Amino acid sequence: NKNLKHIQPNNDLYADTDLNTPGSLYFSSGTTGVPKGITQTPRNLLAPSFDLGEEYGFTADDVHMGIMPSYHTALAAHSIWPCFVLGGKLVLFERFHRTTFWKDLS
């Protein structure tokens, strides 16, 4: 896009941040039913990705099937982030279909 070529990143924008600096806010209604914000740091998001990769033996050769709802943190925590940190591939599906799951898997 020709309009984007003049945009330059501001290298000072994140100068005072690190892996422990809150960078995202997830919401959960938990057991109370009242939504509350939960701050996440990069370390919070990345650490489980490495753990999952080690536990399940994920490698850069794996292809993950993104069938969980994207509004839920499970898709990010169990598919998107592990793929990013381990170099795998992620195929996002518009929606889960139980009748085509096995065909889609192959």
Test ASP104 against the stated conditions and say whether it is outside any loop (DSSP other than H, G, I, E, B), under 30 Å from ASP16 (Cα atoms), open to solvent by 40 Å² or more (accessible area, probe 1.4 Å) and of a type in the set (Asp, Glu).
-> no
Just checking, which of THR39, THR32, THR59 is β-branched (Val, Ile, Thr), loosely packed, with under 14 Cβ neighbours inside 10 Å, assigned to a loop (DSSP other than H, G, I, E, B) and free of Cβ contacts under 8 Å to residues at least 24 places away in the same chain?
-> THR32
Any chance region 65-83 includes a residue that's in contact with a strand residue (DSSP E or B) (Cβ under 7 Å, 6 or more places away or on another chain) and over 29 Å from ASN20 (Cα atoms)?
-> yes
Test: residue in region 63-85 that is part of a strand (DSSP E or B), touching a residue at least 40 places away in the same chain (Cβ under 8 Å) and either more than 23 Å from ARG98 (Cβ to Cβ) or open to solvent by less than 90 Å² (accessible area, probe 1.4 Å) (or both) | yes
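The values are calculated or read from the model by the stated rules, or taken from the named source; none is laboratory data. The structure displayed is predicted, hence computed values, not measured ones. FYI the Cβ positions are ideal-geometry reconstructions off the backbone, even for glycines, and counts take in every protein chain you see. Just so you know, the surface numbers come from the protein's heavy atoms only, side chains and all, with ligands and any DNA or RNA stripped out. Shrake-Rupley method; radii C 1.70, N 1.55, O 1.52, S 1.80 Å.
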